[in-house]
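Rule-based calculations on the coordinates, nothing more; no lab input. Every value quoted in this text rests on a predicted model; they were computed, and no experiment measured them. Glycine also receives a Cβ, built like all others from the backbone with ideal geometry; neighbour counts cover every protein chain displayed.
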Amino acid sequence: MRKETKLKALLIIATSLIVSSCQTLHTNDPTSIAFDIPDGSTLSLNKNLFIGEGNTHTIIQWGKITTDKEKDLYNISCSLKMKAFGPRTVQPDTFKIRRTEDGQEQASGPNIINYFTEIYLHSDHNSDIIKLVCSAWADKLDGNFPVSAMQKTLGDYFTFNFAEPRQ
């Protein structure tokens, strides 16, 4: 092969790799990290959820209510956040998922990161509910977790209802 032909072939391969790396991964599988909750999806609270006195959130881990002090930071926990302080009980409801955001912040030392997903919610009945935040500390090489892991953490308190993705 001539040098020009090799150079052209190398340029085509490099261009293809650059273009393909810019495409976002998309999947309809909630067990995949690449899954994005489709627009129009909802989150249903299936049973009463108690908010303790002086709190604006409640925490669920391993399908059970827990506290900030008792939660295991290295396993996923989810916190329902609201504007008004408790004590009170939030009744079952279906929330529209307005948007989701994945993020990370340094948690402990140079290698432990707090990975989190914020799910912004809207309800016609519980207007002071802001969002559900799921988080876990992990090594900086681990990364965020899939929606299916959040569902497992929420147990039977909440259920995701995914809308059909737009084509």
### Task
Quick one: count up the residues across the range 51-72 that are within 17 Å of the chain's Cα centre (by Cα) and of a type in the set (A, V, I, L, M).
2
### Task
With the condition kept exactly as written, say whether any residue in the range 82-89 is under 19 Å from H125 (Cα atoms), out of contact with any helix residue (DSSP H, G or I) (no Cβ under 7 Å at 6 or more places or on another chain) and aliphatic (A, V, I, L, M).
yes
### Message
Which count do you get for residues in the range 68-109 that are basic (K, R), assigned to a strand (DSSP E or B) and under 16 Å from G155 (Cα atoms)?
### Response
0
#### Entry: Residue satisfying condition, being closer than 18 Å to S32 by Cβ and either in contact with a strand residue (DSSP E or B) (Cβ under 9 Å, 6 or more places away or on another chain) or surrounded by 13 or more Cβ atoms within 10 Å (Cβ to Cβ) (or both), within set F158, F145
F145
### Test: residue in the range 146-167 that is in a helix (DSSP H, G or I), out of contact with any Lys or Arg (no Cβ under 7 Å at 6 or more places or on another chain) and charged (D, E, K, R)
yes
### Task
Name every residue in the range 105-119 that is of a type outside the set (A, V, I, L, M, F, W, C), surrounded by 15 or more Cβ atoms within 10 Å (Cβ to Cβ) and in contact with a Phe, Trp or Tyr (Cβ under 9 Å, 6 or more places away or on another chain), in order of residue number.
N114, Y115, T117
### Task
For the range 24-39, enumerate the residues that are polar (S, T, N, Q) and in contact (Cβ under 8 Å) with a residue 60 or more places away in the chain.
N28, T31, S32
### Query
Could you say whether any residue in the range 32-39 is assigned to a loop (DSSP other than H, G, I, E, B), buried (at least 18 other Cβ atoms within 10 Å of the Cβ) and not aliphatic (A, V, I, L, M)?
yes
### Task
Give the residues of the range 40-72 that are in contact (Cβ under 8 Å) with a residue 60 or more places away in the chain, loosely packed, with under 14 Cβ neighbours inside 10 Å and under 26 Å from A107 (Cα atoms), sorted by residue number.
G63, K64
### Message
Just to be sure before I move on: is S135 under 19 Å from D36 (Cα atoms), small (G, A, S), assigned to a strand (DSSP E or B) and in contact with a Cys (Cβ under 9 Å, 6 or more places away or on another chain) in the structure I sent?
### Response
yes
